[in-house]
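Taking it in order: structure first as structure tokens, then the write-up.
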Amino acid sequence: MSSIETHDLIKEWGKVRAVDGVSFQVARGTLTVLLGPSGCGKSTILRMIAGLEDVTRGRITIGGKDITRMDAAKRGVSMVFQSYALFPHLNVRENILFGLKVRGVSATERRKRLDEVAKMVGLEGLLQRKPANLSGGQRQRVALARSIVSQQPVCLMDEPLSNLDAKLRNEMRDEIRSLQQKLGLTMIYVTHDQIEAMTMADQVGLLQNGRIEQIGTPYELYENPVTAFAAHFIGSPPMNLIHLGQVADRAALAAAGGRTPLPEASRNWTIGIRPEAIKISEQGMSARVDAIDFLGSETIIRLALDGQTLFAKINGRAKVAPGDAITVSWSPEATHWFNEKGVREDC
């Protein structure tokens, strides 16, 4: 068994609490992404699970076994770092097998595992090269191969693709997901890139200020964000957040969303609408076109509304220009309501 659970995990450095009561479960053979901005605690959580950081309070279990205070080498996990962490004086073959040599794995078994993993990640013709003679993508494959060859049931990855260009990130993202599924690894993957999270994960844990803001499938986080932070963090462009207190014509806003009347003005409501839900229409809310980004199959229109910025995403090419005054509307079902604390409410 290789499921992972954290129970009220806390990490403090003096008076600073970097991780604040984090609890989540990772089912055996699934991939969970810890997502969030820099400084939210995601890498610290990963390092605590790996045994590279002490736990201030709380508990970590792998396969139902408490490993909170266990030595890192005995936890049955492998880790892939952002920096690759390759030995520059060793060739690819030696880098991949270094951990097995340290653990005393026989030469016969080492050769067998090397042949399997080198073919798996496409390194067969590069085994004699030194890291300095490899591209960034090839170095990342070596780091991945070193993790796979250990045959540990749990794999932890700390922003492994952040040093690669966009094309290589896309390729390696697909390779990592494919290998995780093929090998049945239980994986926790840390990133600040929402595209990696949405395309790779079985489960996404979105963090802010050391706490889990929301955890669920990529679909759940996109379609049903529980806070304004989650709504705005997920999506490209992100969900539009309209603060009712800044809207001059509340009647027009109500008409744009197909809802009359709006909730009481005494509360500081925020409305969330995905860009793809905003339509150019004959009736609704007036806005000014500030900028247009034509992306081929779709167009992103940036709109100004009472000092607030909105994005609309439409198919194909938009027949509008910067400076135009247009009218926009959206379906009531596309509207998310957040209270003054930024928490979603049915309204």
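Here, each number is a calculation from the coordinates, and none is a lab measurement. Being a predicted model, the structure only gives us computed values, none of them experimental. Cβ atoms come from the backbone with ideal geometry, glycine included; neighbour counts cover every protein chain shown.
Residues in segment 330-342 carry Karplus couplings, in order, of 7, 6, x, 5, 8, 8, 10, 10, 10, 7, 5, 8, x Hz; the curve used is 6.51 cos²θ - 1.76 cosθ + 1.60 with θ = phi - 60°, and Gly or Pro positions show x. Pairs over the 25 Å Cα-Cα cut-off, from the set Lys42/Lys313; Lys11/Lys65; Lys42/Lys112: Lys42/Lys313; Lys42/Lys112. Rounded to the nearest whole Hz, the Karplus-based 3J(HN,Hα) values (6.51 cos²θ - 1.76 cosθ + 1.60, θ = phi - 60°) of segment 228-239 follow the sequence 5, 4, 4, 4, 7, 7, 9, x, 9, x, x, 4, with x at glycine and proline. Gain on full extension, evaluated as 0.36 nm per residue between Lys119 and Val102 minus their Cα-Cα distance, stands at 3.8 nm. Straight-distance candidates among the aspartates and glutamates for linking to Lys101, with alpha-carbon spacing under 16 Å and chain neighbours fewer than 8 residues away dropped: Glu109, Asp115. When both segment 132-171 and segment 209-254 are represented by their alpha-carbon centers, they are found 33 Å apart.
Classify segment 241-338: rounded, prolate or oblate, from the alpha-carbon gyration tensor (a ≥ b ≥ c, eigenvalue square roots; a/c under 1.5 rounded; otherwise prolate if a/b is larger than b/c)? It comes out prolate by the Cα gyration axes.
Highest mean first, the peptides 89-97, 166-174, 43-51 sorted by other C-beta atoms within 10 Å per residue fall in the order 43-51, 89-97, 166-174.
Using C-alpha pairs under 8 Å with a sequence gap of at least 6, the mean separation divided by the residue count of segment 4-228 gives a relative contact order of 31 percent. Determine the shape class of segment 1-71: with a ≥ b ≥ c the square roots of the Cα gyration tensor eigenvalues, call it rounded for a/c under 1.5, and otherwise prolate if a/b is greater than b/c, oblate otherwise. Judged from the Cα gyration tensor, segment 1-71 comes out oblate (a/c at least 1.5, b/c at or above a/b).
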